[in-house]
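Report on the following structure.
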Amino acid sequence: MIKDIAPIITIIISMAVVYLVHPLLVKLALKKDIVDKPNARRLNRIPIPVLGGVGVFLGFMASLPTTAALTGTAIPYICIAAIIAIFCMGLVDDIKDLRPSTKFIIQITAIALLTTLCDLRIDNLHGVLGIYEIADYISIPLTIFACVGLINAINLIDGIDGLSSGYCIASGVIFFIFSAIQGNYTNMLISSAIVGALVPFFFFNVFGTKNKMFIGDSGSHLLGIIFSILTLRAIHDYNPADANINSGIMAFCLAVMAHPVMDTLRVMSQRISKGTSPFKADKTHLHHAIISLGFSHLQTTLIITGLNLLVIATWHITFVNGLTPTAQFFTTLAAAVFFIVTPYFGIVRYKEKYPESFRKLIEKREKGKEIKKQTA
């Protein structure tokens, strides 16, 4: 009985913890001046506290071990250690900026330990290009590269209110549903814990006034490592006997993680093509382009999350129609390019080709916002 309701208990505990500690963390961040200050790259106009990730971490860590213990579900200690290590790295980065090289070393070390000691790795492509099991000398570097990339990709999309948390709430729900179908109870609890922790933070972040706070690098890196673990566990727990469920596992994981992965690849490719560092911050992410059209942060978050859901829907169509793992993967990849990459270039092209129309659009939206403020 307890096992059936454990995911609900997990969500309730994590939500309650975040709801209670969030206001306290806001006060602490303001007192210690741990804030995100406005600059040419930031979209906020006033200093905003950046300890939101601490609350999410506390909610996650309070709920997951509790329900895991109640249900007798084993959560590998290496997974917990990797989550703590990446979170602490992000927290230190929030308080005192770390060098990119230092962060990469910590990320690589954490994933390497997770891969070697916990046996979580991409060691099977499950039929994509006809490839199944792959050797350790390929799977270990591939896993490290993929997970470090995902951690930083989720960190890079954290540029507007609600985007990283809103996107990860949706992704967490998708992972929960898939895990329930797959019979992966551990992933069900992990998904429940992070979704529950993110929901109250999302509302504080998007709709908060005096308790508004950013998730910070601690939170975005936390999300990156948690979704890396969810992805690795989904791939690792593939059961050949359940081919009807799992034959599209690689395409499924690509679909769920499409936005951060594809947006980051496009941004970095553009930077390299211009002769600049791929890690040099700018305003060329998809959320920047959508915001430039006059959409609010919440509207932008909903648009991007909706686009990612379209990628997932595309994968599902290929899955239910029985396409091969290779066909599923490359169709999903094409959908990710179409729904995540193409809109950015479409917006840029529109602004360049029709500057007068773009100007009138912005003026209309700004006028609408002003009228809304006056009538509020």
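Quick check on this structure: which one of Ile78, Ile34 is surrounded by 16 or more Cβ atoms within 10 Å (Cβ to Cβ), touching a strand residue (DSSP E or B) at 6+ places or on another chain (Cβ under 8 Å) and either touching a residue at least 40 places away in the same chain (Cβ under 8 Å) or assigned by TED's automatic domain parsing to the domain that holds Val148 (or both)?
Sole residue among the options that is surrounded by 16 or more Cβ atoms within 10 Å (Cβ to Cβ), touching a strand residue (DSSP E or B) at 6+ places or on another chain (Cβ under 8 Å) and either touching a residue at least 40 places away in the same chain (Cβ under 8 Å) or assigned by TED's automatic domain parsing to the domain that holds Val148 (or both): Ile34.
With the structure loaded, tell me whether Asp263 is among the acidic types (Asp, Glu) and over 19 Å from the mean Cα position of the chain (by Cα) or whether it fails that test.
Values: among the acidic types (Asp, Glu): yes; over 19 Å from the mean Cα position of the chain (by Cα): no.
For Asp263, the condition - among the acidic types (Asp, Glu) and over 19 Å from the mean Cα position of the chain (by Cα) - is not met.
State all residues of the stretch 90-108 that are of a type outside the set (D, E, K, R), crowded, with 22+ Cβ neighbours inside 10 Å and closer than 20 Å to Asp36 by Cβ; if no residue qualifies, say none.
Matches in the stretch 90-108: Gly90, Leu91.
How about the stretch 168-212: which of its residues are more than 17 Å from Thr67 (Cα to Cα), surrounded by 24 or more Cβ atoms within 10 Å (Cβ to Cβ) and of a type in the set (Ser, Thr, Tyr)?
If the condition is that a residue be more than 17 Å from Thr67 (Cα to Cα), surrounded by 24 or more Cβ atoms within 10 Å (Cβ to Cβ) and of a type in the set (Ser, Thr, Tyr), then Ser171 is the only one that fits.
Please go through the stretch 109-138 and pick out each residue that is among the aliphatic types (A, V, I, L, M) and touching a Cys at 6+ places or on another chain (Cβ under 8 Å).
If the condition is that a residue be among the aliphatic types (A, V, I, L, M) and touching a Cys at 6+ places or on another chain (Cβ under 8 Å), then Ile111, Leu114, Leu120 are the ones that fit.
With respect to Gly90, is the statement that it is within 23 Å of Ser165 (Cβ to Cβ) and either touching a Phe, Trp or Tyr at 6+ places or on another chain (Cβ under 7 Å) or not assigned by TED's automatic domain parsing to the domain that holds Leu198 (or both) true? Reasoning before the result, please.
Working: within 23 Å of Ser165 (Cβ to Cβ): yes; either touching a Phe, Trp or Tyr at 6+ places or on another chain (Cβ under 7 Å) or not assigned by TED's automatic domain parsing to the domain that holds Leu198 (or both): no.
The answer is no for Gly90.
Hey, any hits in the stretch 20-39 for a residue that's over 20 Å from Leu232 (Cβ atoms) and within 21 Å of the chain's Cα centre (by Cα)?
Looking for residues that are over 20 Å from Leu232 (Cβ atoms) and within 21 Å of the chain's Cα centre (by Cα), one finds at least one in the stretch 20-39, hence yes.
Residue-wise test of (1) assigned to a helix (DSSP H, G or I); (2) within 23 Å of Asn205 (Cβ to Cβ).
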site	(1), (2)
Val21	yes, yes
Met61	yes, yes
Ile75	no, no
Ile80	yes, no
Asp93	yes, yes
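Does any residue in the stretch 12-25 that is in the same structural domain as Pro49 (by TED's automatic domain parsing) come within less than 6 Å, Cβ to Cβ, of a residue that is modelled with pLDDT under 95 and of a type in the set (S, T, N, Q) six or more places away or on a different chain, and which pairs are these?
Going by the 6 Å Cβ cut-off, the qualifying pairs are Pro23/Asn211.
With respect to Thr318, is the statement that it is closer than 28 Å to Val206 by Cβ, of a type in the set (Val, Ile, Thr) and at pLDDT 90 or above true?
Considered against the rule, which asks whether it is closer than 28 Å to Val206 by Cβ, of a type in the set (Val, Ile, Thr) and at pLDDT 90 or above, Thr318 comes out as no.
Filtering the stretch 63-73 down to residues that are part of a helix (DSSP H, G or I) and among the polar types (S, T, N, Q), which residue is nearest to the chain's Cα centre (by Cα)?
Ser63
Could you go through the stretch 111-134 and let me know if any residue there is farther than 30 Å from Met213 by Cα, in contact with a strand residue (DSSP E or B) (Cβ under 6 Å, 6 or more places away or on another chain) and of a type in the set (D, E, K, R).
Within the stretch 111-134, one or more residues are farther than 30 Å from Met213 by Cα, in contact with a strand residue (DSSP E or B) (Cβ under 6 Å, 6 or more places away or on another chain) and of a type in the set (D, E, K, R).
Tell me, which helices (runs of 4 or more DSSP H) lie completely within the stretch 257-344 with 3 or more residues that are surrounded by 18 or more Cβ atoms within 10 Å (Cβ to Cβ), in contact (Cβ under 8 Å) with a residue 40 or more places away in the chain and of a type in the set (Val, Ile, Thr)?
Working: elements: 258-273, 286-292, 297-320, 325-336.
In the stretch 257-344, the matching helices (runs of 4 or more DSSP H) lie at 258-273, 297-320.
Of the residues Leu98, Leu129, which single one is more than 30 Å from Thr10 (Cβ to Cβ) and part of a loop (DSSP other than H, G, I, E, B)?
Exactly one of Leu98, Leu129 is more than 30 Å from Thr10 (Cβ to Cβ) and part of a loop (DSSP other than H, G, I, E, B), namely Leu98.
The values are calculated or read from the model by the stated rules, or taken from the named source; none is laboratory data. What you see is a predicted model, and the numbers here were worked out from it, not measured in a lab. Heads up, the Cβs are rebuilt from the backbone with ideal geometry, glycines too, and the neighbour counts pull from every protein chain shown.
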